[in-house]
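Take a look at the structure below.
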There are 2 protein chains.
Amino acid sequence: MKQIEGGVCAAKGFTAAGVHCGIRKNRSKKDLALIYSAVPAAAAAVYTTNLVKGAPLAVTKAHLQNGRAQAVICNSGNANTCNANGVEIAEQTCALAAGALGIAPEDVVVASTGVIGQPLDIAPIAAGIPPLCAALSADGGDDAAEGIMTTDTVKKEAAVEFTLGGKVCRIGGMAKGSGMIHPNMATMLVFLTTDAAVSPAMLQRVLSADAADTFNMISIDGDTSTNDMVTVLANGMAGNAEITAEGEDCAAFAAALNAVTTALCRAIAGDGEGATKLLECRVDGAPDTATAKTVAKSVICSSLLKAAMFGADANWGRVLCAIGYSGAAVDVDRIDVAFTSAAGTVRVCRGGAGVDFSEEKAKEILLCGEIGILVSLNAGEASATAWGCDLTYDYVRINGDYRT
Amino acid sequence: MKQIEGGVCAAKGFTAAGVHCGIRKNRSKKDLALIYSAVPAAAAAVYTTNLVKGAPLAVTKAHLQNGRAQAVICNSGNANTCNANGVEIAEQTCALAAGALGIAPEDVVVASTGVIGQPLDIAPIAAGIPPLCAALSADGGDDAAEGIMTTDTVKKEAAVEFTLGGKVCRIGGMAKGSGMIHPNMATMLVFLTTDAAVSPAMLQRVLSADAADTFNMISIDGDTSTNDMVTVLANGMAGNAEITAEGEDCAAFAAALNAVTTALCRAIAGDGEGATKLLECRVDGAPDTATAKTVAKSVICSSLLKAAMFGADANWGRVLCAIGYSGAAVDVDRIDVAFTSAAGTVRVCRGGAGVDFSEEKAKEILLCGEIGILVSLNAGEASATAWGCDLTYDYVRINGDYRT
């Protein structure tokens, strides 16, 4: 397996585009993105568990019932959630895109991200779809990734190449992250494409399993969005024997998918709203995976720890505090904690109590852009990783006047 | 029932004091507080559910097994948590205070608040106890309230006077709040005193029931501290017939206690770390109290909503989002939301969808210091209230370099 360029267009047969259609006031910001597969593809998705769900999710869920799709359309600037006519608008969007592409509306996946509770006008979308379709290109992955950004500061793309039964396959993806991110089942918006041939049922199974270890292990701010969705399209154009069951090919595909989703997770967490640092909490020595995940996620969610990381303060008591209230059954007196980064590693707690450490060295470690928080429970063999970011002035600034 | 002055010294027979003993570097900050009852008192307490517990909690729990206590000693500046010799230090503190007061060490309640994981030296405490005991006075409530402050910006005291069987009784209290506050079972540190006669068992029952509706409904930052504790001493000096069972007297006592604890809750939430505003979420029309509480607390905990309130932005979609991920079974299409304050009330959502409202009026309402977030589920008769505060630059500043 190797990393490649191209994002959602890395896999054979996929083209993409992104344009400004007018949902956002700022004309320099793209607000409509399209991904298109030359042939119908197997499709799977996972969605937010929030009871308040964006209208596009309901429409996408209905469209994916047959496990097939050929295009994905997504707007930014408006979440199309808590709107009386939201479903109607989402369906119109699919119909307009389908008409322009010459495919069935049911083969279109639709997604939206932005403000909740403001009516979404179909006019700019209707006007934007013709130029959007005209712009579709194998080089359009970047534009599409730009079209789904809200408070994101960087585009988030990843892709890998791997082989299945001697056939070269690719998986690529793009993501929209930043705020209201504490996925539970899925995350923000992630669009994955592959030219591997995978049956819809296996695609769903691999995606669901992967999301539990990747997107569901991110938290930016503890807020599970109404519009979270991860979707994958597999068009089979790589020519491999279709994956229809567990086995070697399925494992190779799952590993390749995981490489892409993990890269996107790190990109999403590192670009959390206002973030200056990517935090990665690795928990090992847990009695089971569920415990490891609970602990890792609790640490990554602690506002106090996040603020301490912003300040490069090795306040490890906040790590223990977050483990203690996580709900996991842990033996506090066995817990070891260390901080690590490109600048080195410092052990700060052993057996639940502090150890002498150099504050100077700790500061140096915590001033790096990627911080590892290493927790050993010393109570078993299971492990888990969660990703988050620091809590900064800019998070407050961004969310203090998001709508204005 | 009427509000009175005096805090923990409002009730007959209670004296208090607060001094600087040297745990904190800043000599102008008091760091040791004492409450003393002229006669032994019935005592009850509720504690944090965090598995990582401060050593003082273990010692206090042991001391309160007989339901009796006569003094409370509390230091700030160090939480005495995750320290190898923590229990020893807490026991020494009790023994030193008991010696100076001429009572049994088992009749002393001990508490600590401050940084986790830094050894607590007994020397400043040993040196501070004699002047602390010498300073005990019926006017000492303020000094004691000052002695337990960490990042609190204001002292938090409350007291009421009420009658039981013709006897005038009083309940007073003080609290330490600010950060790492998301109580679960108890809260930060709250010390309550009353001259009413109440049996230890009834005192515990009334306190536990009250904490579930008051302190457990506050969140500053979602972090359940390792040292949360609420304790109440009832010395019986008002001369009422001892309350030993449910009934009219018990209800009157519980109502008086609730008046004090609610006032302290509002004070704690309004003085959350960095807070500029007190948020009060009132949920009604719930099918049951548990649902109402879950919804109210989820709203008050949303980082996104807290930041929006800081920015006086009527971003009600974040209220719905927080309700949706709360875990409560709600019918989204029945939810109404309004914002209220001294400047008026504005309805922003009806039946799960937005309604037209004046952004100008909403801004005016949200610029006030106390904001009500009114949620109607329109699905029953139960209600609940939760308290929190806005998320501000200062929260990040305070917690970015807490230890330095």
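The values are calculated or read from the model by the stated rules, or taken from the named source; none is laboratory data. Remember, predicted model here, so these are calculated numbers, not experimental data. Note that each Cβ is placed from the backbone with ideal geometry, even for glycine, and that neighbours are counted across all protein chains shown.
What number of residues within segment B:105-130 satisfy the criterion of being among the aliphatic types (A, V, I, L, M) and assigned to a loop (DSSP other than H, G, I, E, B)? Let's see the steps before the verdict.
Applying the first criterion (among the aliphatic types (A, V, I, L, M)) to segment B:105-130 yields B:108-111, B:115-116, B:120, B:122-123, B:125-127, B:129.
Going one step further and asking which of them are assigned to a loop (DSSP other than H, G, I, E, B), we end up with B:115-116, B:120.
Of the residues in segment B:105-130, 3 are among the aliphatic types (A, V, I, L, M) and assigned to a loop (DSSP other than H, G, I, E, B).
Can you tell which of B:ALA254, B:ALA267, B:ALA259 is surrounded by fewer than 24 Cβ atoms within 10 Å (Cβ to Cβ), small (Gly, Ala, Ser) and within 30 Å of A:CYS301 (Cβ to Cβ)? Step through it out loud before you land on a result.
Details: B:ALA254 fails: within 30 Å of A:CYS301 (Cβ to Cβ); B:ALA259 fails: within 30 Å of A:CYS301 (Cβ to Cβ).
Answer to the selection: B:ALA267.
Charged (D, E, K, R) and either over 30 Å from A:ALA308 (Cα atoms) or out of contact with any helix residue (DSSP H, G or I) (no Cβ under 9 Å at 6 or more places or on another chain) (or both) - does that describe any residue in segment B:338-352? Walk me through how you get there before you give the answer.
Let us first name the residues in segment B:338-352 that are charged (D, E, K, R), namely B:347, B:350.
Remaining after also requiring either over 30 Å from A:ALA308 (Cα atoms) or out of contact with any helix residue (DSSP H, G or I) (no Cβ under 9 Å at 6 or more places or on another chain) (or both): B:347, B:350.
Checked against the condition, which is being charged (D, E, K, R) and either over 30 Å from A:ALA308 (Cα atoms) or out of contact with any helix residue (DSSP H, G or I) (no Cβ under 9 Å at 6 or more places or on another chain) (or both), segment B:338-352 yields at least one hit.
In the set A:THR244, A:THR194, which member is surrounded by fewer than 23 Cβ atoms within 10 Å (Cβ to Cβ), modelled with pLDDT of 95 or more and farther than 24 Å from B:GLY222 by Cα?
Numbers: A:THR194 fails: surrounded by fewer than 23 Cβ atoms within 10 Å (Cβ to Cβ).
Step by step, each of A:THR244, A:THR194 is checked, and only A:THR244 is surrounded by fewer than 23 Cβ atoms within 10 Å (Cβ to Cβ), modelled with pLDDT of 95 or more and farther than 24 Å from B:GLY222 by Cα.
Being under 21 Å from the mean Cα position of the chain (by Cα), away from chain B (no Cβ under 14 Å) and at positive phi, is that true of even one residue in segment A:4-22?
yes
Out of the residues in segment A:111-149 that are within 14 Å of another protein chain (Cβ to nearest Cβ) and in contact with a Phe, Trp or Tyr (Cβ under 9 Å, 6 or more places away or on another chain), state the one that is surrounded by the fewest Cβ atoms within 10 Å (Cβ to Cβ).
The extreme case among them is A:VAL115.
Could you tell me which numbered condition A:ARG27 fails, if it satisfies all but one of (1) more than 21 Å from A:MET188 (Cα to Cα); (2) touching a residue at least 40 places away in the same chain (Cβ under 8 Å)?
In the conditions (1) more than 21 Å from A:MET188 (Cα to Cα); (2) touching a residue at least 40 places away in the same chain (Cβ under 8 Å), A:ARG27 misses (2) alone.
Inside segment A:316-337, can you point out the residues that are at pLDDT 95 or above, surrounded by fewer than 23 Cβ atoms within 10 Å (Cβ to Cβ) and either under 29 Å from the mean Cα position of the chain (by Cα) or more than 14 Å from chain B (Cβ to nearest Cβ) (or both)?
Those that are at pLDDT 95 or above, surrounded by fewer than 23 Cβ atoms within 10 Å (Cβ to Cβ) and either under 29 Å from the mean Cα position of the chain (by Cα) or more than 14 Å from chain B (Cβ to nearest Cβ) (or both): none in segment A:316-337.
Using the structure shown, decide if B:TYR36 is closer than 30 Å to A:GLY317 by Cα, in the same structural domain as B:GLY172 (by TED's automatic domain parsing) and not basic (Lys, Arg). It would help to see each step written out before you state the result.
Values: closer than 30 Å to A:GLY317 by Cα: no; in the same structural domain as B:GLY172 (by TED's automatic domain parsing): yes; not basic (Lys, Arg): yes.
Considered against the rule, which asks whether it is closer than 30 Å to A:GLY317 by Cα, in the same structural domain as B:GLY172 (by TED's automatic domain parsing) and not basic (Lys, Arg), B:TYR36 comes out as no.
Quick check on segment B:149-173: of everything there that is under 16 Å from the mean Cα position of the chain (by Cα), at pLDDT 90 or above and not small (Gly, Ala, Ser), which residue is nearest to B:ASN258 (Cα to Cα)?
Of segment B:149-173, the ones under 16 Å from the mean Cα position of the chain (by Cα) are B:149-159, B:171-173.
In the following step, the residues that additionally are at pLDDT 90 or above were identified as B:157-159, B:171-173.
Narrowing further to those that are not small (Gly, Ala, Ser): B:157, B:171.
Numbers: B:GLU157: 14, B:ILE171: 10 Å.
Only one residue fits best here, namely B:ILE171.
Which is out of contact with any His (no Cβ under 7 Å at 6 or more places or on another chain), in the same structural domain as B:ALA45 (by TED's automatic domain parsing) and over 23 Å from B:GLY18 (Cβ atoms), of B:ASP143, B:ASP139, B:ASP210?
Answer to the selection: B:ASP210.
Let me confirm something: among A:THR244, A:THR194, which residue is without any contact (Cβ under 8 Å) to a residue 60 or more places away in the chain, more than 14 Å from chain B (Cβ to nearest Cβ) and over 13 Å from the mean Cα position of the chain (by Cα)? Reasoning before the result, please.
Details: A:THR194 fails: without any contact (Cβ under 8 Å) to a residue 60 or more places away in the chain.
Unique residue meeting the criteria: A:THR244.
Mind telling me which of the residues A:ALA58, A:ALA79, A:ALA69 ends up being assigned by TED's automatic domain parsing to the domain that holds A:ASP195, touching a Pro at 6+ places or on another chain (Cβ under 8 Å) and not charged (D, E, K, R)? Before the answer, list the steps.
Working: A:ALA58 fails: touching a Pro at 6+ places or on another chain (Cβ under 8 Å); A:ALA79 fails: touching a Pro at 6+ places or on another chain (Cβ under 8 Å).
On inspection, the qualifying residue turns out to be A:ALA69.
Checking the conditions here, which among B:ALA343, B:ALA338, B:ALA329 is in contact with an Asp or Glu (Cβ under 6 Å, 6 or more places away or on another chain), more than 30 Å from B:SER76 (Cβ to Cβ), in contact (Cβ under 8 Å) with a residue 24 or more places away in the chain and not basic (Lys, Arg)? Explain how you work it out, then say what you get.
Details: B:ALA338 fails: in contact with an Asp or Glu (Cβ under 6 Å, 6 or more places away or on another chain); B:ALA329 fails: in contact with an Asp or Glu (Cβ under 6 Å, 6 or more places away or on another chain).
B:ALA343 is the lone residue from the list that is in contact with an Asp or Glu (Cβ under 6 Å, 6 or more places away or on another chain), more than 30 Å from B:SER76 (Cβ to Cβ), in contact (Cβ under 8 Å) with a residue 24 or more places away in the chain and not basic (Lys, Arg).
How many residues does segment A:346-404 contain that are within 11 Å of another protein chain (Cβ to nearest Cβ), of a type in the set (D, E, K, R) and free of Cβ contacts under 8 Å to residues at least 60 places away in the same chain?
So the answer is 5.
Somewhere in segment B:58-68, is a residue under 17 Å from B:ILE23 (Cβ atoms), in contact (Cβ under 8 Å) with a residue 12 or more places away in the chain, surrounded by fewer than 18 Cβ atoms within 10 Å (Cβ to Cβ) and within 14 Å of chain A (Cβ to nearest Cβ)? Walk me through how you get there before you give the answer.
At the first step, the residues of segment B:58-68 found to be under 17 Å from B:ILE23 (Cβ atoms) are none.
Within segment B:58-68, not a single residue is under 17 Å from B:ILE23 (Cβ atoms), in contact (Cβ under 8 Å) with a residue 12 or more places away in the chain, surrounded by fewer than 18 Cβ atoms within 10 Å (Cβ to Cβ) and within 14 Å of chain A (Cβ to nearest Cβ).
Could you please find all residues in segment A:10-35 being surrounded by 24 or more Cβ atoms within 10 Å (Cβ to Cβ) and closer than 20 Å to A:PRO200 by Cα?
A:ALA11, A:PHE14, A:ILE35
Output the number of the condition that A:GLU146 fails; it satisfies all remaining conditions of (1) at pLDDT 95 or above; (2) part of a helix (DSSP H, G or I).
Among (1) at pLDDT 95 or above; (2) part of a helix (DSSP H, G or I), the lone unmet condition for A:GLU146 is (1).
Mind listing just one residue for me: the one in segment A:212-230 that is closer than 17 Å to A:CYS281 by Cα and of a type in the set (A, V, I, L, M) and, of those, surrounded by the fewest Cβ atoms within 10 Å (Cβ to Cβ)?
Restricting attention to segment A:212-230, the residues satisfying the condition of being closer than 17 Å to A:CYS281 by Cα are A:212-222.
So of that shortlist, the ones also of a type in the set (A, V, I, L, M) come out as A:212, A:217-218, A:220.
On the way: A:ALA212: 14, A:MET217: 24, A:ILE218: 24, A:ILE220: 32.
The residue in question is A:ALA212.
Out of all the residues in segment B:355-396, which are buried (at least 17 other Cβ atoms within 10 Å of the Cβ) and within 21 Å of B:THR151 (Cβ to Cβ)?
Residues satisfying the conditions are B:TRP387, B:GLY388, B:CYS389, B:ASP390, B:LEU391, B:THR392, B:TYR393, B:ASP394, B:TYR395, B:VAL396.
Tell me which residues, restricted to segment A:292-313, are closer than 25 Å to B:PRO119 by Cβ, of a type in the set (A, V, I, L, M, F, W, C) and surrounded by fewer than 24 Cβ atoms within 10 Å (Cβ to Cβ).
Initially, segment A:292-313 is screened for residues closer than 25 Å to B:PRO119 by Cβ, giving A:299, A:302, A:304-305, A:307-309, A:311-313.
From the residues that got through so far, the ones that are of a type in the set (A, V, I, L, M, F, W, C) too are A:299, A:304-305, A:307-309, A:312.
Answer for segment A:292-313, where residues must be closer than 25 Å to B:PRO119 by Cβ, of a type in the set (A, V, I, L, M, F, W, C) and surrounded by fewer than 24 Cβ atoms within 10 Å (Cβ to Cβ): just A:ALA312.
Looking at (1) touching a residue at least 24 places away in the same chain (Cβ under 8 Å); (2) more than 29 Å from A:ILE335 (Cα to Cα), which is the one condition that is false for B:GLY102?
Going through (1) touching a residue at least 24 places away in the same chain (Cβ under 8 Å); (2) more than 29 Å from A:ILE335 (Cα to Cα) one by one, B:GLY102 breaks only (1).
Among the residues of segment A:1-48, write down those that are of a type in the set (Val, Ile, Thr) and in contact with a helix residue (DSSP H, G or I) (Cβ under 9 Å, 6 or more places away or on another chain). Please lay out each step first, then the result.
Narrowing segment A:1-48 to residues of a type in the set (Val, Ile, Thr): A:4, A:8, A:15, A:19, A:23, A:35, A:39, A:46, A:48.
Scanning segment A:1-48 gives A:VAL8, A:THR15, A:VAL19, A:ILE23, A:ILE35, A:VAL46, A:THR48.
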